[in-house]
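Asks: Please read through the structure below; I'll follow up with questions.
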Amino acid sequence: MKTFVLTLSVLALLQQVVVEAGAGDEHSKLLRPVSIRLPSNAKRRSGFRPVAVLPSRKGYVAPPWPVRHTGPAKPQPDIAGRTETRNDNNLQIINGSNATMGQFPWMLFIAIDTAYFCGGSIISENWVLTAGHCVDGSKTFSIVAGSIMRTGGTESTRQVVTATAATAYRHPGYNPKFVDNDIGLIQTNVDFVWNENVKPVRLPSYSMAIDMMIGKKVTISGWGKTDDDVTHEGSQSLLYADLTIADGSICFDHYGDTWIPNKLCVNTKADKRSTCKGDSGGPLVMKEDDGLWTEIGLTSFGDLEGCTKNLPVVFTRVASFLEFIEATTNIKARE
């Protein structure tokens, strides 16, 4: 896969998109974990100017948005947010635990252009939720469900579906300079088949858009890197970690106006656990009082200094984008 070095404008220089050599997918292609890392305010004030390394996007034309539907929006399947198992021990994502089959049945491994990978989640029979920077300019997607193994999984529930840029939608307001509106949707070529290891995650309600969520216990999951060593690959098995939503002022103090209220902040200094390269687009879920799991956020960006420095991590707040999701997928969200 060819890449090119792009010297960005002063604003765009605030961002670094990182891709690193990773392990082969099931077709033995090299896959590189994708992430966005931003410098802190202190780095910016010191005159730091990162150079972004981006995959070539020649010939890409964004599909139209929104999708027009002829019928009324329908709610998610009744099984949304239901899970078979739950482990509450945390071992050493960064400092994460190994997930078990059925624990996160909505979790997806997304191979992009046979070169990169992100995380994502199932929200209906044929719709996937992920980060905007995971679909922006990407042309093909191979999506694995029903497996906790990144490669070589042999589970009977393992399913592989595909999609192309024609059915991949990033938010129309996505701004890579400030990582604003970092959310995307992918429509698959065939439906997922529900079983104990393949189920949709529940979408948040509209009312959650005004809930600050501070102090809420949440869980992240993904196959991303487990340290900052550039020679290391992403995790072969699915990892998860329990975190706590922090006051947005922590991320605002660290990242400046890159953080706005349509995002969620996690202070990894307090939790000692974090996302890393390759976790982009993966779900941030919360168990609600009814026992069901809701995706309140998705992994967006962290600090340029690295994943193991206990620095704040920012997630896209899903409840702020329910109108985009409904207009694109025809899925009716809860009020």
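The values are calculated or read from the model by the stated rules, or taken from the named source; none is laboratory data. Given the structure is predicted, the values throughout are model-derived calculations rather than measurements. Heads up, the Cβs are rebuilt from the backbone with ideal geometry, glycines too, and the neighbour counts pull from every protein chain shown.
Asks: Report yes if some residue within segment 126-136 is modelled with pLDDT under 95 and in a strand (DSSP E or B); otherwise report no.
Replies: Checked against the condition, which is being modelled with pLDDT under 95 and in a strand (DSSP E or B), segment 126-136 yields no hits at all.
Asks: Tell me, which strands (runs of 3 or more DSSP E) wholly within segment 178-253 include 1 or more residues that are surrounded by fewer than 23 Cβ atoms within 10 Å (Cβ to Cβ) and at pLDDT below 90?
Replies: Answer list for segment 178-253: 239-246.
Asks: Just the residues that are among the β-branched types (Val, Ile, Thr) and either closer than 19 Å to Asn330 by Cβ or over 21 Å from the mean Cα position of the chain (by Cα) (or both), please, taken from segment 177-197. Write out each step before concluding.
Replies: Filtering segment 177-197 for residues among the β-branched types (Val, Ile, Thr) gives 179, 183, 186, 188, 190, 193.
Result: Ile183, Ile186, Thr188, Val190, Val193.
Asks: Is there any pair linking a residue in segment 90-109 that is assigned by TED's automatic domain parsing to the domain that holds Thr151 and under 17 Å from Ser124 (Cα atoms) to one that is modelled with pLDDT of 95 or more and of a type in the set (Gly, Ala, Ser), with Cβ under 7 Å and at least six apart or on different chains, and which?
Replies: Close Cβ pairs (under 7 Å, with a partner that is modelled with pLDDT of 95 or more and of a type in the set (Gly, Ala, Ser)) amount to Trp106/Ser121; Met107/Ser121; Leu108/Gly120; Leu108/Ser121; Leu108/Ala145.
Asks: Next question, about the same structure. With respect to Phe104, is the statement that it is closer than 22 Å to Gln187 by Cβ and either part of a loop (DSSP other than H, G, I, E, B) or at pLDDT below 90 (or both) true?
Replies: Considered against the rule, which asks whether it is closer than 22 Å to Gln187 by Cβ and either part of a loop (DSSP other than H, G, I, E, B) or at pLDDT below 90 (or both), Phe104 comes out as yes.
Asks: Is it true that some residue in segment 145-157 is within 15 Å of Pro283 (Cα to Cα), crowded, with 20+ Cβ neighbours inside 10 Å and modelled with pLDDT of 90 or more?
Replies: Taking segment 145-157 as the starting set, the residues that turn out to be within 15 Å of Pro283 (Cα to Cα) are 145, 148.
Now drop any that are not crowded, with 20+ Cβ neighbours inside 10 Å, which leaves 145, 148.
Then keep just the ones that are modelled with pLDDT of 90 or more; that gives 145, 148.
Looking for residues that are within 15 Å of Pro283 (Cα to Cα), crowded, with 20+ Cβ neighbours inside 10 Å and modelled with pLDDT of 90 or more, one finds at least one in segment 145-157, hence yes.
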